[in-house]
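Notes for the one structure printed next.
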Amino acid sequence: MKAVYDKAHWQRHPKTELDGGQLVTPYESPERAEYVKSSVTESGIAQWLDPKDFGLAAITRTHDAAYIDFLTTCWQQWQDTGKAGEAIPAVWPGRRMQQVVPTDIDGQLGYYSFAAESSISDGTWEAAYASCQVALTAAEQVGHGEHAFGLCRPPGHHAAFDYFGGYCFINNAAVCAQYLLDQGDQKIAILDVDFHHGNGTQDIFYRRADVHFFSLHGDPLLVFPHFSGYENEIGAGPGEGANHNWVYGPGTTFAQWQVGLNEALQLIQAGGFDRLIISLGVDTFEHDPISFFKLTTDDYLSVGAAIASVQLPTLFLLEGGYAVEAIGVNVAKVLIGFEQ
Ligand code: SP5
Ligand code: ZN
């Protein structure tokens, strides 16, 4: 399959993540992408392509233009105030407060985010933009009937129409789904196998019937993003019935998790979709430092093989996965299992 990488991901290099009341080294590190690049290259299944530039217009088809403006100016605004650390939101509009866009950068950070762990620093916007162009370059191949892998960093599935969080700024999968619709597709399926609920992707398509969203994830009563991902979230208006969540508890094994995977794949098989996008997180791994599922390296071969069974042109986009040495091998196993 075709695969796309851009060294510009290195521009996303924050020094801090708010975790447990401390500023720790971020889990979402540049080394992640390099491990994936090495393992996928070693597997021999990828033909690497250079990223193209589809411009900002492809992104504002999916995201609020004012939110994108905020992302492009945030770091400069933060620096102009002379603050010492990285940009971290610390105030949000609570229930019954006004949804206004403050002029002050602290207020803007709260308005345009839903979580505080994703510090913004120099190069964050540039890397997020490049990550989305990697995804779009891979999507163009899938539009031509190929399968492709976008080695996206930073990830995207927590980024909603107008807010960031969960290490995500631009929703790569959502931008690609809209791109494929704009190229003539009628109906797209997005299957999210990351450990965390893809709240951003759900948000963007919740009221739409042309993109159906399927997500398997840790129970939000117990884990991030906490306020989205419950099984009673089925879509609304024209999108009612087009959103599907499967929730699992601590210690979930592949045997348990694959029940939902197979239900999702059966719905996708029967749904008359033109193309399939996989939000490929491997933080379902047994040794992931921030998650609680128990998938093994060999299980990822079966994940890839199961996805291949629906026989749609498929776009894989990297999301989470934090057991750094292992994530390269685990991503490669999914792609190898898919191609076999
Ligand atoms: C793309 C993706 O996988 N994003 C995940 C974002 C998770 N953010 C909250 C992480 C909370 C981490 N708590 C770690 C506790 C272990 N010391
Ligand atoms: Zn995740």
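Bear in mind these aren't lab numbers, they're just calculated from the coordinates by the rules spelled out. Not measured: the values here are computed from a predicted model. A quick note on method: Cβ atoms are made from the backbone with ideal geometry, for glycine too, and the neighbour counts reach across all protein chains shown.
With contacts taken as Cα pairs under 8 Å and at least 6 residues apart, the stretch 2-339 reaches a relative contact order of 19 percent.
Computed extension length for Gln269-Trp10: 89.5 nm, one decimal, from 0.36 nm per residue of separation with the Cα-Cα distance subtracted. Computed from Cα positions, the angle between helix 299-308 and the longest principal axis of the chain comes to roughly 80 degrees. Between Val91 and Asp122, the distance separating the two model label sites (each 7 Å from Cα on the Cα→Cβ line) works out to 2.8 nm. Compactness check for the chain: Cα Rg over 2.2 N^0.38 Å is 0.92. Of His212, His217, the sequence from fewest to most neighbouring Cβ atoms within 10 angstrom is His212, His217. Arranged from fewest to most other beta-carbon atoms within 10 Å of their beta carbon, Leu181, Leu109 become Leu181, Leu109.
Rank Ile278, Ile170, Ile234 by mean-square fluctuation in a GNM of the chain with C-alpha springs under 10 angstrom and give only the top-ranked residue. Of the options given, Ile234 has the highest mean-square fluctuation.
Compared with the dominant Cα axis of the chain, that is its longest principal axis, helix 172-182 is turned about 70°. One Cα centroid belongs to the stretch 174-208, the other to the stretch 4-58; the line between them spans 21 Å. In this structure, Thr73 and Gln98 have a Cβ-Cβ separation that, at R0 = 22 Å, corresponds to a calculated FRET efficiency of about 0.50. The modelled label-to-label distance between Ala308 and Thr41, using points 7 Å beyond Cα along the C-beta direction, is 2.4 nm. Based on C-alpha pairs under 8 angstrom that are at least 6 apart in sequence, the stretch 95-250 has a relative contact order of 16 percent. With springs connecting C-alpha atoms under 10 Å apart, model the chain as a Gaussian network and identify which of Ala255, Ala128, Ala84 has the largest mean-square fluctuation. The residue with the greatest mean-square fluctuation here is Ala84.
When the pairs Lys37/Lys294; Lys7/Lys187; Lys52/Lys333; Lys7/Lys333 are compared against a 30 Å limit on Cα-Cα distance, Lys7/Lys187 fall above it. Computing FRET efficiency as 1/(1 + (r/R0)^6) for Ala66 and Val24, where r is the C-beta to C-beta distance and R0 is 25 Å, gives about 0.20. Each part reduced to its alpha carbon centroid, the stretch 59-77 and the stretch 302-318 end up 32 Å apart. Hydrodynamic radius of the stretch 96-137 by the Kirkwood approach over all distinct alpha-carbon pairs: 12.4 Å.
For the chain, a Gaussian network of Cα nodes joined below 10 Å ranks Gly184, Gly260, Gly198 by mean-square fluctuation, and the top entry is Gly184.
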